[in-house]
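Novice: This is the structure I want to talk about, given as structure tokens.
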Amino acid sequence: MAFLLSSWLKSKDATLKEPSGSAAGAASGQDKAATDTKDSNDDAARDEQAPTSESILADRIRQHNLDGSPVNFGTSSLHVAAGSNPRGSKRRKGFDDMSETRESNNPRKKPSPPPTDNHREISEHGQSQRSESPEPLDIRFNAQDGFDDDDTGNPPLKLIRELETRPITVSQLVQEVKGIYAGLVMVEKKCIEIVSQQAQNPTKLSKEQWQALIALHRTLLNEHHDFFSASHHPVTEGHELRELAAKYAMPARMWRHGIHAFLELLRHRLPESIEHMLSFVYLAYSMIALLMETVPDFLETWIECLGDLARYRMAIEEADLRDREIWSNTARTWYNQAADKSPNTGRIQHHLAVLARPNIVQQLFLYSKALVAAIPFKNAGDSILLLFNPLLDQKGALTSRYQPAEFDFVCAAAVLFRRRSVEEYETYRRQFASQLEAHMARSGSRFKIQAPEFAGSLFAMIMDYGNLQNTLWRMVFDHQQRLKQDYCKQYGKTPESLPKDFVVNDPEIIDPIRSQYWSGPIENRRVQPPDTSADKLITSSDEVSSYAGPMLYDTISDVAGHIGNKNVVPFMHMVLAYLLALTWIPGASVYIEACIPWEKVVQFLNTVGRSGVSYDNVESDTFPKSYGGGNKRQLVEDFAMRGLMLMAYYYPKKFFEKEGLVDEDERLLEQPSHQAPRVERCLYCAIQLASTTDRWLKYDRHTKEFSTSEFARNLVKQ
């Protein structure tokens, strides 16, 4: 079936935005060329009426689809007519013969006749090849050539010389891209129009109508593929043509109008649309996978799109739980790859949080991380309510599904986020504190994986999940903006030229500010003590910090008090890393210093097993070296902290580079070789805290022991 659009567009003079020039300009240029050669006998046909936008759009649909029958969509219709497919029904693996073959499909020109023996086109590697066939070589084989004589009278073997090839030029590609973009915009407009109509129309669609919609969106995806292939042809290297896709946000437009909007329409029509949704998911998945190989300039976008498509496929799988798990793991793999390439992007953490169900602690941590990442994803604030609301509103029915400590911890976070009563919060907080020790004993070594999620969630709570009205988060956020300004002044850049996910961690910029702050007088501005009145409601962002402070204090005290328990070391590593990172932000450490049980921290540091620890590593000012004799240096909790705005000050610049990155399938595997490096990290953070200021901790390099300062001992528990 070759699908073509027969419905006339409402406005025949609709203008199309062109990336370079305009469709009208291209058409007028062709009309002028036809006029100049009017005396030629072969140009008589060009005096016909210029093609309309309807015929152009119909040609685009026909190029990419198969035959069918008329399909109506209210005010719009898709009509299927029999006809040949100029490009064939098979999806192209690359961009074929862009200057020659595409010209025959250009709606502004009358199609040229099919190639003959003396007029052939070969499309390989994006080159246009055309040549008249030379005279065949008359080659006769005989016994002297190594072959026996054949007396059967067969005609001699004739060989054809290889055709001459001519590379495509940039000017040809420019015209090609103009034509492709004109057709793309028409199909895109039709997709937007029909999907918008159907989103407001509750009438069920027939099988033919769904197939027509899929064909229309397939056409749009193919047009995008042609656009990317032409604009990213090898000969465009260094030419402005290569920048058009980014300038006009073509990857985002393809996803929004070519895939996502239609998937949402299909999703809202479930279960009647299940078969069509499966078909379109597979279609879109294969197209994005093709683009990932052929247009690597947008690799990060393609990877995230593949993760989104795998997540759609997982979400609609209800019958086969095994298939659902497979697609969930597939989506998680793509998102982890996206996080490796864009670790500071909170949006990726949001997607991982959706896949974390039914692990509510992991969901809470990933949603929180999305909100306090270097590039916060504010929509995660809406998504996190899908986790919180059922737990608070249907707690009686859901309590038995989760571990008690996990349930109370997440509910306490939910009360703070939703600004509910203090009494309700205190109930969950106390229950969590009473159940934590039993939970740790029951979890065993699994607590090593969950510990960073508890720690990260607690610090997100005390910063009110990245709320700019929160004093602590405002310190963190404003300090990074100041650092960007200093960075631009020092290196002669402008803020607009910096990447969106850029975070300043240049020691030449951040260290002087830190030293200047701690060498001067310190203002004692701290989290205010909470008001625990039974009838009080939590109303402000700073009140969230004041109520989260005691929970942070109690949790650190309970975990640090497990002397000799190796499972608590990841938690303490993350706490100490947070405390060290806060010292780079003027006023931030002082603000929460009363929320930290310093004596318990010292007890942990002095009793933790130090077997295999190198004091040369921990007492140095440089970050501890890699472990295991190689360059694989990340621990489980390092990936939990990666991408957080605060952690940019803790990790060296190249710590998460690809060459030294732990393989994805090994990131949650705890090995015996991790213990010594993890203890080294804890000691390193504590020594750096003590060397920055003796306000809380002191370190004796002879006895290798820590102690609390008098000031820290006098701090009142919040």
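Novice: List the number of the failed condition for W518; all other conditions in (1) among the aromatic types (F, W, Y); (2) within 30 Å of A338 (Cα to Cα); (3) touching a Ser or Thr at 6+ places or on another chain (Cβ under 8 Å) hold.
Specialist: Failing condition for W518: (2).
Novice: In region 468-482, is there at least one residue being closer than 18 Å to V544 by Cα, touching a residue at least 12 places away in the same chain (Cβ under 8 Å) and surrounded by fewer than 17 Cβ atoms within 10 Å (Cβ to Cβ)?
Specialist: yes
Novice: In addition: Confirm whether E193 is farther than 21 Å from F228 by Cα, at pLDDT 50 or above, surrounded by 15 or more Cβ atoms within 10 Å (Cβ to Cβ) and among the charged types (D, E, K, R).
Specialist: Answer is yes for this residue.
Novice: Here is a follow-up. Assess whether Y465 counts as being assigned to a helix (DSSP H, G or I) and more than 30 Å from R678 (Cβ to Cβ).
Specialist: For Y465, the condition - assigned to a helix (DSSP H, G or I) and more than 30 Å from R678 (Cβ to Cβ) - is not met.
Novice: On to the next question. With the requirement that a residue be in contact with a Phe, Trp or Tyr (Cβ under 7 Å, 6 or more places away or on another chain) and under 30 Å from E424 (Cβ atoms), what does region 489-542 give you?
Specialist: Of everything in region 489-542, those that are in contact with a Phe, Trp or Tyr (Cβ under 7 Å, 6 or more places away or on another chain) and under 30 Å from E424 (Cβ atoms) turn out to be R525, R526, V527, P530, I538.
Novice: On to the next question. Could you figure out which of (1) in contact (Cβ under 8 Å) with a residue 24 or more places away in the chain; (2) closer than 23 Å to E593 by Cβ isn't true of S383?
Specialist: Going through (1) in contact (Cβ under 8 Å) with a residue 24 or more places away in the chain; (2) closer than 23 Å to E593 by Cβ one by one, S383 breaks only (2).
Novice: Taking the conditions exactly as written (among the polar types (S, T, N, Q) and buried (at least 20 other Cβ atoms within 10 Å of the Cβ)), does S279 satisfy them or not?
Specialist: It is false that S279 is among the polar types (S, T, N, Q) and buried (at least 20 other Cβ atoms within 10 Å of the Cβ).
Residues checked against (1) modelled with pLDDT of 90 or more; (2) assigned to a helix (DSSP H, G or I); (3) out of contact with any helix residue (DSSP H, G or I) (no Cβ under 9 Å at 6 or more places or on another chain); (4) closer than 23 Å to G520 by Cβ:
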{"residue": "G629", "(1), (2), (3), (4)": "no, no, yes, no"}
{"residue": "K654", "(1), (2), (3), (4)": "no, no, no, no"}
{"residue": "R681", "(1), (2), (3), (4)": "yes, yes, no, no"}
{"residue": "Y684", "(1), (2), (3), (4)": "yes, yes, no, no"}
{"residue": "Y699", "(1), (2), (3), (4)": "yes, no, no, yes"}
{"residue": "S707", "(1), (2), (3), (4)": "yes, no, no, no"}
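Novice: Any idea which of V544, V568, V601 is touching a His at 6+ places or on another chain (Cβ under 9 Å), touching a residue at least 60 places away in the same chain (Cβ under 8 Å), crowded, with 19+ Cβ neighbours inside 10 Å and not in a loop (DSSP other than H, G, I, E, B)?
Specialist: V568
Novice: Here is a follow-up. List the residue pairs whose Cβ atoms are under 7 Å apart, where the first residue sits in region 672-692 and is farther than 13 Å from V575 by Cα and of a type in the set (S, T, Y), the second is modelled with pLDDT of 90 or more and surrounded by fewer than 18 Cβ atoms within 10 Å (Cβ to Cβ), and the two are 6 or more positions apart or on different chains.
Specialist: Between residues of region 672-692 that are farther than 13 Å from V575 by Cα and of a type in the set (S, T, Y) and residues that are modelled with pLDDT of 90 or more and surrounded by fewer than 18 Cβ atoms within 10 Å (Cβ to Cβ), the close pairs are T692/W518.
Novice: Looking at T539, T532 in this structure, which one is outside any helix (DSSP H, G or I) and at pLDDT 85 or above?
Specialist: T539
Novice: Quick check, is V415 assigned to a helix (DSSP H, G or I) and touching a strand residue (DSSP E or B) at 6+ places or on another chain (Cβ under 8 Å)?
Specialist: Considered against the rule, which asks whether it is assigned to a helix (DSSP H, G or I) and touching a strand residue (DSSP E or B) at 6+ places or on another chain (Cβ under 8 Å), V415 comes out as yes.
Novice: I would also like to ask the following. Every residue in region 483-510 that is of a type in the set (K, R) and either farther than 25 Å from A338 by Cβ or exposed (fewer than 11 other Cβ atoms within 10 Å of the Cβ) (or both), please.
Specialist: Answer for region 483-510, where residues must be of a type in the set (K, R) and either farther than 25 Å from A338 by Cβ or exposed (fewer than 11 other Cβ atoms within 10 Å of the Cβ) (or both): K489, K493, K500.
Novice: Then there's this: Evaluate the following for L306: is it of a type outside the set (K, R), closer than 21 Å to V636 by Cβ and assigned to a helix (DSSP H, G or I)?
Specialist: no
Conditions tested, residue by residue: (1) acidic (D, E); (2) over 26 Å from the mean Cα position of the chain (by Cα); (3) in a helix (DSSP H, G or I).
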site: S445; (1), (2), (3): no, yes, yes
site: K448; (1), (2), (3): no, yes, yes
site: A451; (1), (2), (3): no, no, yes
site: F454; (1), (2), (3): no, no, yes
site: A460; (1), (2), (3): no, no, yes
site: D478; (1), (2), (3): yes, no, yes
site: L483; (1), (2), (3): no, no, yes
site: C488; (1), (2), (3): no, yes, yes
site: K500; (1), (2), (3): no, no, no
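Novice: I've got another one for you. Does A370 satisfy the condition of being in contact with a Phe, Trp or Tyr (Cβ under 6 Å, 6 or more places away or on another chain) and assigned to a helix (DSSP H, G or I)?
Specialist: Against the criterion (in contact with a Phe, Trp or Tyr (Cβ under 6 Å, 6 or more places away or on another chain) and assigned to a helix (DSSP H, G or I)), A370 qualifies.
Novice: To continue, here is another question. Given the structure, is I522 assigned by TED's automatic domain parsing to the domain that holds G643 and more than 31 Å from the chain's Cα centre (by Cα)?
Specialist: No, not satisfied.
The values are calculated or read from the model by the stated rules, or taken from the named source; none is laboratory data. Please read all numbers here as calculations on a predicted model, not as lab measurements. Cβ: placed from backbone, ideal geometry, glycine included. Neighbour counts: every protein chain shown.
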